[in-house]
Amino acid sequence: AVASDASLDAGAVVEALEQLVAKSLVQADTLGAPRYRLLDTMRAYARSKLAESAEAPAAARRHAVFFRTFLEQTRAERTQATSPRDGDRRLERASLLGNVRAALDWCFAETGDRALGVQLAAAAAALFIEVSLLDECRRWTERALGAIDASQRGTRFEMELRAGLGHSLMLTSRNSEEAGAALERGLEIATALDDRFNQVRLLNRLHLYYRRIGEIRRTLDAAQRMERVAAEIGDPVGRAAAHMLLG
């Protein structure tokens, strides 16, 4: 997905990769999903050759698009019933942090693609929260929201960014008003999009926020709405969480 282009199809890339592994120029780890890496000296050489070819920006864009798509795909999986492979998928996502960071760095660099960076940061927010990198989640969601354009406002990208920012701020910045505003804006977008899975998720976070700031009267409404929406989409985990909050 990253190396192929109009002049080099996917089959040729796979063949070249196999040859590089056979010559020990690429290291292969075939335990589980196959992974490939370069030793530091070979990586530095390959990077310099890529820069000389003037193909680096196109390759970096394909790299960022691939990881945006991968994270969006695993996000879709999290909206479905829990599967026995959830633990494996979490480990797989966590192992890709270096790639995600590199892609974000390129997107928000002067010569990068800010619109793609907004989408990637939105997709990565859940990953940073999943691995408890809350400061990093806050930093990237703030940066992406600062770069968001009119066409992306009110979309699922803004919703994911607001949800990630509100959650990370709440747990790192003493329940600030900014955290509450981000979560409420995320819920507003999820409601407008009729995205009921994310309504449940955001109501759960808002319940925690209201409880932490002492707005106890608002917690019951949030829990009741969460129970109703979770029942509508047949989400047993969401309903169980709502019942706990109602109790």
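The values are calculated or read from the model by the stated rules, or taken from the named source; none is laboratory data. It should be emphasised that the depicted structure is a prediction, and the values quoted were computed from it without experimental measurement. We place every Cβ from the backbone using ideal geometry, glycine too, and count neighbours over all the protein chains shown. Side chains included, ligands, DNA and RNA excluded: accessible areas come from the protein's heavy atoms. Shrake-Rupley method; radii C 1.70, N 1.55, O 1.52, S 1.80 Å.
Packing-wise, with mean Cβ within 10 Å as the measure, how do 96-105, 199-208 rank, highest first? Write down the numbers at each step before the final one.
Values: 96-105: 17.0, 199-208: 23.6.
So the order, starting with the most tightly packed, is 199-208, 96-105.
Ignoring ligands, DNA and RNA, what percent of the accessible area of the chain is carbon or sulfur (1.4 Å)? Let's see the in-between values first.
Details: 7230 of 13810 Å².
On the chain, the fraction of accessible area on carbon and sulfur atoms equals 52 percent.
Can you compute the charge dipole magnitude of the chain about its Cα centre, using +1 on each Lys and Arg Cβ and -1 on each Asp and Glu Cβ, nothing else charged? Give it in debye, rounded to the nearest 20. Don't skip to the answer; put the middle values down first.
Details: 35 positive and 34 negative charges, 124 e Å.
It works out to roughly 600 debye.
Over the chain, what relative contact order in percent results from Cα pairs under 8 Å that are six or more residues apart?
This gives 11 percent for the chain.
Which value in nm describes the separation of the simple spin-label points at I213 and A181, placed 7 Å from the Cα toward the beta carbon?
1.0 nm
Between helix 177-192 and the chain, what is the angle of the helix's C-alpha long axis to the longest principal axis, kept within 0 to 90° and rounded to the nearest 10?
Roughly 80 degrees between the two axes.
Given an 8 Å cut-off on Cα distances and at least 6 residues of separation, report the relative contact order of the range 115-247 as a percent. Please list the in-between numbers first.
Working: 170 pairs, mean separation 23.0, N = 133.
Over the range 115-247, the number comes to 17 percent.
Considering the dipole of the range 12-69 built from charges on the beta carbon (Lys and Arg +1, Asp and Glu -1) around the Cα centre, which of A64, S48, L17 is farthest to its positive end?
Farthest along the dipole direction, towards plus: A64.
Over the Cα atoms of the range 11-158, what Rg and Dmax result, in angstrom?
In order Rg, Dmax, the Cα atoms of the range 11-158 give 17.0, 51 Å.
Can you tell me the dipole magnitude for the range 84-159 around its Cα centre, using point charges on the Cβ only (Lys, Arg +1; Asp, Glu -1), in Debye to the nearest 20? Display every interim value, and only then the final one.
Working: 11 positive and 12 negative charges, 31 e Å.
Rounded to the nearest 20 debye, it is 140 debye.
With label points built 7 Å along Cα→Cβ from the Cα atoms of D105 and D149, find their separation and express it in nm.
For D105 paired with D149, the spin-label model returns 2.6 nm.
Could you tell me which of G112, F157, S7 has its Cα farthest along the dipole of the chain towards the positive end, charges placed at Cβ (Lys, Arg +1; Asp, Glu -1), taken about the Cα centre?
My answer, from the dipole projection, is F157.
Would you mind working out the accessible area per residue for the chain, using a 1.4 Å probe, and quoting it in Å²? Present the calculation step by step, with values, prior to reporting the outcome.
Numbers: 13810 Å² over 247 residues.
On a per-residue basis, 56 Å².
How big is the dipole moment of the range 1-45 about its Cα centre under a simple scheme where the beta carbon of each Lys and Arg is +1, that of each Asp and Glu is -1, and everything else is neutral? Debye, nearest 20, please. Walk me through the numbers before you get to the answer.
On the way: 4 positive and 6 negative charges, 41 e Å.
Charge dipole of the range 1-45: 200 debye, to the nearest 20.
Starting from the exponent 0.38 and prefactor 2.2 Å, build the expected Rg for the chain from its residue count and divide its actual Cα Rg by it. Don't jump to the answer; show the numbers that get you there.
Values: Rg = 20.8 Å, N = 247, 2.2 N^0.38 = 17.9 Å.
Against the empirical 2.2 N^0.38 Å value, I get 1.16 for the chain.
From the C-alpha gyration tensor of the range 194-247, pull out the three semi-axes of the equivalent ellipsoid (sqrt of 5λ each), sorted largest to smallest, in whole Å. Each step should come with its number before you reach the end.
On the way: eigenvalues 68, 23, 13 Å².
In descending order, the three semi-axes are 18, 11, 8 Å.
If each residue of separation counts as 0.36 nm, what is the full-extension length gain between D194 and D221 once their alpha-carbon separation is subtracted?
Working: separation 27, 0.36 × 27 = 9.72 nm, distance 1.87 nm.
The D194-D221 span can extend by a further 7.8 nm.
Enter the angle in degrees (range 0 to 90, nearest 10) between the Cα long axis of helix 97-107 and the first principal axis of the Cα atoms of the chain, meaning the one along which they spread out most.
90 degrees
Compute the distribution of all C-alpha to C-alpha distances in the range 131-247, in bins of 5 Å from 0, and list the percent of pairs in each, rounded to whole numbers.
2, 13, 22, 22, 21, 13, 6, 1, 0
Take the alpha-carbon centre of the range 46-66, take the same for the range 91-144, and report the distance between them in whole Å.
Comparing the Cα centres of the range 46-66 and the range 91-144, I get a distance of 19 Å.
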